[in-house]
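Please read the structure below before turning to the comments.
The values are calculated or read from the model by the stated rules, or taken from the named source; none is laboratory data. Remember, it's a predicted structure, so these values are computed and weren't measured experimentally. These area figures cover heavy atoms from the full protein model, side chains too; ligands, DNA and RNA do not enter into them. Shrake-Rupley method; radii C 1.70, N 1.55, O 1.52, S 1.80 Å.
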Amino acid sequence: LLLPVRLLSCPVSAVSLRVFTVEQHLLTLPSVMAADFQKGVKAANSGDFVVALKEFRPLAEQGHARAQFNLGVMYDNGYGVAEDNSQAVYWYRKAAEQGIARAQFKLGAMYAIGEAA
């Protein structure tokens, strides 16, 4: 489960990069870790970004790629946190290094439109 960007049509614009949907993805994680991640996704889906942040951050710090991506989305858009491009880039990069394609895309897009240094 992710808070991924919706597939974008060309040309890419800063506005189109900010459109998000919620999708479901299969997870192959230990049940405790998956339960915390699931709780974060459920919270984010209901707009409770404080709880989502509480669930995603520890997982992201432990290397959970999808939680890292979701933190990137939250910082990129100011969902429950102050909008912070440097934090968004940090978390997108962590997820991108683990092969999360949407994180790779978002990271590249932030560089392309000048939101990343």
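Kindly identify the stretch 63-117 as rounded, prolate or oblate by the Cα gyration tensor criterion: order the square roots of the eigenvalues as a ≥ b ≥ c, call it rounded if a/c is under 1.5, otherwise compare a/b with b/c, prolate if a/b is larger, else oblate. Since a/c reaches 1.5 but b/c is at least a/b, the shape of the stretch 63-117 is classed as oblate.
Averaged over its residues, the stretch 64-117 has an accessible area of 42 Å² per residue, based on protein heavy atoms and a 1.4 Å probe.
Please work out how much length the chain gains when fully extended from Ala117 to Lys39, using 0.36 nm per residue of separation minus the C-alpha to C-alpha distance, in nm with one decimal.
Length difference between fully extended and current span is 24.8 nm.
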